[in-house]
């Protein structure tokens, strides 16, 4: 079993499952509206400099690094 880590540490090409979001209410609501909820599977497409690009379901989402730091994944 993998231990929890932050979304911004997941390498491009890897898949992770969201465990929790440790953010304020406003940020948490925004992430939930994009489908970033506990149990969701995300594929990291780009984790280079700047915002991350992830795929969730049929969509692609750009996530700021500060927000990705608050998303715990396994």
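Read the figures in this text as sums done on the coordinates, not as results from a lab. Nothing here was measured: the structure is a model prediction, and the numbers come from that model.
Between residue 25 and residue 65, what length in nm is gained on full extension when 0.36 nm per residue of separation is reduced by their alpha carbon distance?
Full-extension gain reported as 12.6 nm.
Percent relative contact order of the chain, based on C-alpha pairs within less than 8 angstrom and at least six residues apart?
Relative contact order, the chain: 43 percent.
Which of rounded, prolate or oblate describes the chain when judged by the alpha-carbon gyration tensor and an a/c cut-off of 1.5?
rounded
Could you give the length gained on full extension between residue 9 and residue 34, defined as 0.36 nm per residue of separation minus the Cα-Cα distance, in nm?
This chain segment gains 7.0 nm when fully extended.
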